[in-house]
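Q: Sharing a structure with you now.
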Amino acid sequence: MQVGRNIDYALRAVIHLANEETSDRACSVAEIAARERVPRQFLEKIVRELIHKGLVRSRRGPHGGYVLARPADRVTFRDVIEAVEGPISLNVCVGEHPDCFLLGACGMNRVWREGQRRVMDLFENTTIADVRRPPVPADAVPTPLNTTSAASSNSRL
């Protein structure tokens, strides 16, 4: 079982937009595709679906492009996944519309239900803000590693 590329690409695109949220900068599909290494034509279709579901909106003008339609802390993995893939279901026996002729007579149903519950809990409680790149303070300057002191402390071991 593996998450499809459309879900992976949609999440990467939304996370990319979340990383630009504080600067309020709109991003083009070309920029997102290049930075996230996503095929542009595929991403265009995904962005249209995200717009249709109200997760992304377009901004017109010279600095136009795409932005999140609501704050990243109010967009969940479930929102994005279901926007491009529809309802999440581990198996036909569970999910919004269970469809199983063995329902109630199968020992696996308990496992599928619990798996569904855990997956949904994770996807509903993980926001895009939880996984975006942490902001770097403007005054933060990387401290170079002092190789002299590291070498001398290693020689004492």
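The values are calculated or read from the model by the stated rules, or taken from the named source; none is laboratory data. Treat the numbers as computed from the prediction; the structure is a model and nothing was measured. Every residue, glycine among them, receives a Cβ derived from its backbone with ideal geometry; neighbour counts consider all protein chains shown. Note: areas computed on protein heavy atoms with side chains; ligands, DNA, RNA excluded. Shrake-Rupley method; radii C 1.70, N 1.55, O 1.52, S 1.80 Å.
Q: Rounded to whole Å and sorted largest first, what semi-axes of the equivalent ellipsoid does the C-alpha gyration tensor of the stretch 1-79 yield via the square root of 5 times each eigenvalue? The partial results should precede the final answer.
A: Details: eigenvalues 69, 44, 25 Å².
Computed over the stretch 1-79, the values are 19, 15, 11 Å.
Q: If you don't mind, another one. Per residue, how much accessible area does the stretch 1-126 show when a 1.4 Å probe rolls over the protein heavy atoms, in square angstrom?
A: 63 Å²
Q: Using the Cβ atoms and a cut-off under 14 Å, what net charge is assigned to the surroundings of I51, where Lys and Arg are +1 and Asp and Glu are -1?
A: So the environment of I51 carries a net charge of +4.
Q: Below 13 angstrom from the Cβ of E31, what's the summed charge of the other residues (Lys, Arg +1; Asp, Glu -1)?
A: Net of charged neighbours comes to +2.
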